[in-house]
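Visitor: Structure provided below as structure tokens; questions to follow.
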Amino acid sequence: MGFMASLKAQQAMRAHGKGDIAKARSLYEEALAKGLMEARPMLGYALLLIRNSEFEKAMDLLIKTQKAPDLTPDRKSQLFVDYAACCAKTGQLEKGVRLLERQHIHTPTGLTYQTLGYLYVEQLDSQPKPVANEETEVTLPEGMEMPEEGLSVVQKQEILDAQWQERMDNAFKLLQEAVDYDDEDPVCLDNMAQFYYRVTGDKAEAKKWFEKAHEEKPEQIDSLWFLSRYDLEKGDTAAAIEKLETAVQGNFSPLNYVDKAKIEAELARLKG
């Protein structure tokens, strides 16, 4: 990698930091064309692409970044987190979860706890508990042999229930580890809240965790969204609007439960 590639990368990061996205993008591209192979600016450009919903291009760049000589353990964790986020946004949630699970086992960090916890919630929420029928195919538990007459619907359901419970238990274990790892991390607190709200349906328990997350980070987008749902349930539209007006000013990421457009639409509806 030449001097000019490094220079362009430094200029790109400065422009990115100042919020001049168009200039930063142009400079990142120039740096790459000149042979850029530095993890820090490459990860910066990948994040820019992700925030612009250019997930496929970001994934290609992240794959290339794996060969950067300055890919420290922290940067490698960032790379895997960003790649998993891209997988989640391109219909490859299972792949993203598997990749991040392997990275987390190798190098657990606050960032991997945050992202993997959220992806587990997404996974469980998007794939409801299965219901068996005659045509349902199941994977037999280790050590279990297929009966000669095959499995009944009841037996299939028992296997599916056990597999579902195992996934629930694994997710909760990770979420609990995350808040034990850092009980002031607002993202991990919010993940636990969303698990209760979206997966188990225990909204009373969820509210406790949303309030903890909100206390740690009053401007956190998803916590504000869900807390506004509680306001609406008790008829306090003004309080809900106040929370949403704060949320809509936030810095959105692909792993937010709600995007800016959804909050804007909800504000418009509530203001009528």
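Visitor: Determine whether LEU124 is touching a helix residue (DSSP H, G or I) at 6+ places or on another chain (Cβ under 8 Å), aliphatic (A, V, I, L, M), without any contact (Cβ under 8 Å) to a residue 24 or more places away in the chain and in a helix (DSSP H, G or I).
Guide: no
Visitor: Of all residues in segment 196-215, which are part of a helix (DSSP H, G or I) and among the small types (Gly, Ala, Ser)?
Guide: ALA204, ALA206, ALA213
Visitor: I would also like to ask the following. Can you find, within segment 83-110, the residue that is farthest from GLU184 (Cα to Cα) among those that are touching a Ser or Thr at 6+ places or on another chain (Cβ under 8 Å) and of a type in the set (Val, Ile, Thr)?
Guide: Checked segment 83-110; the qualifying residue farthest from GLU184 (Cα to Cα) is THR107.
Visitor: Out of segment 199-219, which residues are out of contact with any Phe, Trp or Tyr (no Cβ under 8 Å at 6 or more places or on another chain), under 23 Å from GLU166 (Cβ atoms) and not hydrophobic (A, V, I, L, M, F, W, C)?
Guide: If the condition is that a residue be out of contact with any Phe, Trp or Tyr (no Cβ under 8 Å at 6 or more places or on another chain), under 23 Å from GLU166 (Cβ atoms) and not hydrophobic (A, V, I, L, M, F, W, C), then THR200, GLY201 are the ones that fit.
Visitor: If you go through segment 193-211 one residue at a time, do you hit one that is buried (at least 21 other Cβ atoms within 10 Å of the Cβ), under 25 Å from ASP82 (Cα atoms), modelled with pLDDT of 95 or more and touching a His at 6+ places or on another chain (Cβ under 8 Å)?
Guide: For segment 193-211, residues buried (at least 21 other Cβ atoms within 10 Å of the Cβ), under 25 Å from ASP82 (Cα atoms), modelled with pLDDT of 95 or more and touching a His at 6+ places or on another chain (Cβ under 8 Å): absent.
Visitor: Here's another thing I want to ask about it. Going through ALA193, ALA171, ALA162 one at a time, which residue ends up being hydrophobic (A, V, I, L, M, F, W, C), within 19 Å of GLU135 (Cα to Cα) and either in contact with a helix residue (DSSP H, G or I) (Cβ under 9 Å, 6 or more places away or on another chain) or in a helix (DSSP H, G or I) (or both)?
Guide: Among ALA193, ALA171, ALA162, only ALA162 is hydrophobic (A, V, I, L, M, F, W, C), within 19 Å of GLU135 (Cα to Cα) and either in contact with a helix residue (DSSP H, G or I) (Cβ under 9 Å, 6 or more places away or on another chain) or in a helix (DSSP H, G or I) (or both).
Visitor: Let me ask you something else. Give the number of residues within segment 31-54 that are in a helix (DSSP H, G or I), modelled with pLDDT of 95 or more and not aliphatic (A, V, I, L, M).
Guide: Looking only at that region, the number is 4.
Visitor: Also, quick follow-up: Restricting the search to segment 216-240, which residues are small (Gly, Ala, Ser) and part of a loop (DSSP other than H, G, I, E, B)?
Guide: Of everything in segment 216-240, just one residue is small (Gly, Ala, Ser) and part of a loop (DSSP other than H, G, I, E, B), namely GLY235.
Visitor: Here are the criteria: (1) of a type outside the set (Phe, Trp, Tyr); (2) more than 30 Å from the chain's Cα centre (by Cα); (3) surrounded by 13 or more Cβ atoms within 10 Å (Cβ to Cβ). Tell me which single one GLU148 does not satisfy.
Guide: Only one criterion is unmet by GLU148, namely (3).
Visitor: Still on this structure, I have one more. Mind checking which residues of segment 121-170 are closer than 20 Å to ALA88 by Cα and polar (S, T, N, Q)?
Guide: Answer for segment 121-170, where residues must be closer than 20 Å to ALA88 by Cα and polar (S, T, N, Q): GLN123, SER126, GLN127, ASN170.
Visitor: Which residues, counting only those in segment 13-67, are small (Gly, Ala, Ser), closer than 25 Å to GLY250 by Cβ and in contact (Cβ under 8 Å) with a residue 24 or more places away in the chain?
Guide: Applying the first criterion (small (Gly, Ala, Ser)) to segment 13-67 yields 15, 17, 19, 22, 24, 26, 31, 33, 35, 39, 44, 46, 53, 58.
From what is left, the residues that are closer than 25 Å to GLY250 by Cβ are 15, 17, 19, 22, 24, 44, 46, 53, 58.
Within segment 13-67, ALA24, GLY44, ALA46, SER53, ALA58 qualify.
Visitor: Would you tally the residues in segment 155-186 being farther than 23 Å from GLU101 by Cα and without any contact (Cβ under 8 Å) to a residue 12 or more places away in the chain?
Guide: First pass over segment 155-186, keeping only residues farther than 23 Å from GLU101 by Cα: 155-159.
Checking which are without any contact (Cβ under 8 Å) to a residue 12 or more places away in the chain leaves us with 155, 158.
Result for segment 155-186: 2.
Visitor: Further, regarding this structure: Go through segment 153-182 and count every residue that is touching an Asp or Glu at 6+ places or on another chain (Cβ under 9 Å) and surrounded by fewer than 18 Cβ atoms within 10 Å (Cβ to Cβ).
Guide: Qualifying residue count for the region: 1.
Visitor: From the list THR115, THR109, which residue is at pLDDT 95 or above, β-branched (Val, Ile, Thr), under 29 Å from GLU216 (Cα atoms) and out of contact with any strand residue (DSSP E or B) (no Cβ under 6 Å at 6 or more places or on another chain)?
Guide: It is THR115.
Visitor: Sticking with this structure for a sec: Taking segment 247-265 only, how many residues are buried (at least 17 other Cβ atoms within 10 Å of the Cβ) and part of a helix (DSSP H, G or I)?
Guide: Of the residues in that region, 2 qualify.
Visitor: Scanning for something under 30 Å from SER6 (Cα atoms) and over 13 Å from the mean Cα position of the chain (by Cα), does segment 78-95 turn up at least one residue? Quick ask: steps written out before the conclusion?
Guide: Initial filter on segment 78-95 (under 30 Å from SER6 (Cα atoms)): 78-87.
Still in the list and also over 13 Å from the mean Cα position of the chain (by Cα): 79.
Yes, because at least one residue in segment 78-95 is under 30 Å from SER6 (Cα atoms) and over 13 Å from the mean Cα position of the chain (by Cα).
Visitor: Further question: Taking segment 14-30 only, how many residues are surrounded by fewer than 19 Cβ atoms within 10 Å (Cβ to Cβ) and either more than 30 Å from the chain's Cα centre (by Cα) or part of a helix (DSSP H, G or I) (or both)?
Guide: Residues meeting the conditions: 10.
The values are calculated or read from the model by the stated rules, or taken from the named source; none is laboratory data. Fair warning: this is a prediction, and the values are worked out from it, not measured in the lab. Cβ sites come from the backbone with ideal geometry, for glycine too, and all protein chains shown count toward neighbours.
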